[in-house]
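K.L.:
What follows is a structure written as structure tokens; I'll ask about it next.
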Amino acid sequence: MNEARLSVALPEYETELASNQRAALRTAALLAAPILLAFTLLDSATTPDYWLLLLGIRLVAASALVVIARLVLRVQSAVPLVAVALVVICGTIEAGILTTGGARSPYLTSSIAVLAGLGILIPLTARQSVVLQLQVVCITVVPLLFGLQHEDRMPLFISVSYLVAVGVVAAVGAGVQDKLRRREHRARIEVARQIGLVNLGTLAGGLAHELSTPLTWVAVELESLELDPLAASVRDKVLAARAGTSRMREVLFAMRQGARMAGGEQREVMLPHEVDLALTLVAQRMRACGVTAQREYAPDVPLVSCQPTLLGQVLVNLMINALDAMAGQPDGKLTLRVRRVNGAALVEVEDTGPGIPEGLRNRIFEPFFSTKGEKGNGLGLWISSEIVRGHGGELSAHAGARGALFRLALPTDGADPHPSPSA
């Protein structure tokens, strides 16, 4: 049997973000320390009287940043240390500002480099970025307001305008980058889940193959035992055992079918049979949810050409979504229909959940859009719709009698897979 890893674990987004922030702060602190020291050359030219004082301040600040770089890997959240590092850096810059002209100091606009570096080097959420950017602006501007001369107001206003503009851009950029990182994280989780499903399918196929032979032997023995003269109570137990083995064979067959990776090959299948196979795979979950299934299969549904593994993935996904929608509801009912409309074969999965608002029935097929909040990744229905589209069909959402109804339409013999709305 082939060995397979069943899952590919990924950390939660917040955990991953905190780890990235710690690594980024360490890099930023070690980068800022020598830069602060390098500015002592400018101090000697702009304010020679305070050069030694500023050198001492810069040495203390650089040492503090090195300490922060060592501590950051030991803490749970890096954001408080980011705030401390900003106090150290901005306080050092402020000392240079106060000794070189205050509101007219050439060092005043150097705080722009702090704002830009914060936005570029450290991954932050929009809220974290706004708070930290405001901290930089306040440390830079507030000390200059005390004893501000009238003629210094305009130069200070201009410098503050630059700082605020850069801070706004950095905060907005942090929000955009945070959304992109979240989408990337959800996509990686979905890829990992798909890898896990493929590995699990490989293992399940191997297990099904290994168990099929002994199970067949048990079934044959039970069948021969049933032919012997037995007491009524013993015969009932034999019949129950045969029913159990029959059920096990159905599950194993569904596992083997689900594990088939046909490399894109398509073959003709009977849709009612494929729906039954998918239903077998979710039967345990359905019983745990207290949901009953109702099958409505029309007798005139033609064969359809498809890749069975991919079709099974779509059907299982639709059924699991329906079960999730009915979670916590008593007497939930899952209705499965297979019928023919205008030559196209239709599969309908209807639940008794809360339904889907009309304005969202098209958006739910967009990537990364989910109605489940943090519990959903917004990729399941998109992948399913792409699979169906690759088969020349269509997957659509409608209002059911009580809840949601998903309609899977597949072409048969060149027929139009898009049934009329009244269908």
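K.L.:
Show me 387-395, 341-349 ranked by packing, highest mean number of other Cβ atoms within 10 Å first.
P.N.:
Highest-to-lowest ranking by the protection proxy: 341-349, 387-395.
K.L.:
Shape of segment 50-130 from its Cα gyration tensor (a ≥ b ≥ c, root eigenvalues): rounded if a/c is under 1.5, otherwise prolate when a/b > b/c, or oblate?
P.N.:
Taking the square roots of the gyration eigenvalues as a ≥ b ≥ c, segment 50-130 is oblate.
K.L.:
Looking only at segment 288-350, where both bridge partners belong to it, what percent of the DSSP beta bridges are antiparallel (to the nearest 5)?
P.N.:
Looking only at bridges with both residues in segment 288-350, the antiparallel portion is about 50 percent.
K.L.:
To continue, here is another question. One-quarter of the Cα convex hull surface for segment 25-164, in nm²?
P.N.:
Mean orientational projected area (segment 25-164, Cα hull): 8.3 nm².
K.L.:
Averaging sequence separations of C-alpha pairs under 8 Å and six or more residues apart, then dividing by the length of segment 9-139, give the relative contact order as a whole percent.
P.N.:
Relative contact order here is 30 percent.
K.L.:
Considering amide H positions built from the backbone, and no H for Pro or chain starts, which residues 5 or more places from LEU334, or on another chain, come under 5 Å of its amide H?
P.N.:
THR292, ALA293, GLN294
Read-outs: derived from the displayed coordinates by stated rules, not from any lab. Model, not experiment: these values are computed from the prediction. Quick reminder, even Gly has a Cβ in these numbers, built from the backbone with ideal geometry, and neighbours come from all protein chains shown.
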